[in-house]
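The values are calculated or read from the model by the stated rules, or taken from the named source; none is laboratory data. What you see is a predicted model; the values in this text were computed from it and never measured. Cβ atoms come from the backbone with ideal geometry, glycine included; neighbour counts cover every protein chain shown.
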Amino acid sequence: MLRNLYYGSTKILRTPRYGYKNDWNDFGPGFYCTDSYDHAALWAAGHDRDGFVNSYRLDDSGLRTIDLGSPRYCILHWLAVLLNYREFDTLTPMAYQARDYIRTAFAVDHRDCDCIIGWRADNIHFTFAQDFLNEDISYQQLRDAVRLSGLGRQTVLKSNRAMDRMLFTGYESVKSNTQYPARISGEKNALLSYSRDVYRKKDPSGLYISTIMLENIQEYDSRLK
């Protein structure tokens, strides 16, 4: 299937480069892009620099793709992948145990995959995940907060085989004085909404990390659907 993908940058990138040096990005080394032109535009410009939305077409036929948003996975699979690469502030002994439990019980074997699709772990999503590990929010609150934030998903090309399928189809320039303020505003609104509607609001029927560990809840448990 042909997919249109976009990459926001301060440079025109006709030949995308595999990110060998970004081992500590959300899903490890790879080329990070999105199927949303609007999200790419928000990230294209800096606070004082205009940017470009680079457009590509990917033929993903035959590629091994892991879509962490598909029914096969839950939000804890996404978190397990993040925990392999990103550093979290684990404030309690239980949070340390939670980190190890999630990485083991919800591990995703992505070593030989060509692409991973999943929520972008920007500062806002990172906050949601960290609060879940520290038991400030429930599983349901984490899932809903990530899905409803409006901050988007990313496609990460993880192999040279996938990179070879990327065809540059053009670019458009974007202005710093419109896109950068829009990005900051969107992040602030998402965080304000989360702080007001979710954070530290007890979820009486929710599933918290202590219960997940105590009951040894695994990925096939119906409560995670």
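The set of residues from the range 14-33 being modelled with pLDDT of 75 or more, out of contact with any Phe, Trp or Tyr (no Cβ under 6 Å at 6 or more places or on another chain) and not small (Gly, Ala, Ser) comprises 15, 17, 25, 26, 27, 32. If you go through the range 113-130 one residue at a time, how many are at pLDDT 90 or above and charged (D, E, K, R)? Of the residues in that region, 1 qualify.
Restricting the range 30-63 to residues that are in contact with a Lys or Arg (Cβ under 6 Å, 6 or more places away or on another chain) and surrounded by fewer than 17 Cβ atoms within 10 Å (Cβ to Cβ), the residue that is nearest to residue 13 (Cα to Cα) is 50.
For the range 74-89, which residues satisfy the criterion of being surrounded by fewer than 17 Cβ atoms within 10 Å (Cβ to Cβ) and part of a loop (DSSP other than H, G, I, E, B)? The answer is 87, 89. Inside the range 101-112, residues that are over 30 Å from residue 163 (Cα atoms), of a type outside the set (A, V, I, L, M) and either at pLDDT below 85 or surrounded by fewer than 18 Cβ atoms within 10 Å (Cβ to Cβ) (or both) make up a count of 0.
Is it the case that some residue within the range 93-100 is surrounded by fewer than 22 Cβ atoms within 10 Å (Cβ to Cβ), among the acidic types (Asp, Glu) and in a helix (DSSP H, G or I)? Yes - at least one qualifying residue is present in the range 93-100.
Among residues of the range 157-171 being touching a Phe, Trp or Tyr at 6+ places or on another chain (Cβ under 7 Å) and within 19 Å of residue 4 (Cβ to Cβ), the one that is surrounded by the most Cβ atoms within 10 Å (Cβ to Cβ) is 157.
Checking each residue in the range 184-217 for being under 20 Å from residue 95 (Cα atoms), among the small types (Gly, Ala, Ser) and not in a loop (DSSP other than H, G, I, E, B) picks out only 210.
Residues considered: 15, 34, 65. Of these, the only one that is touching a Cys at 6+ places or on another chain (Cβ under 7 Å) and either closer than 18 Å to residue 155 by Cα or hydrophobic (A, V, I, L, M, F, W, C) (or both) is 65.
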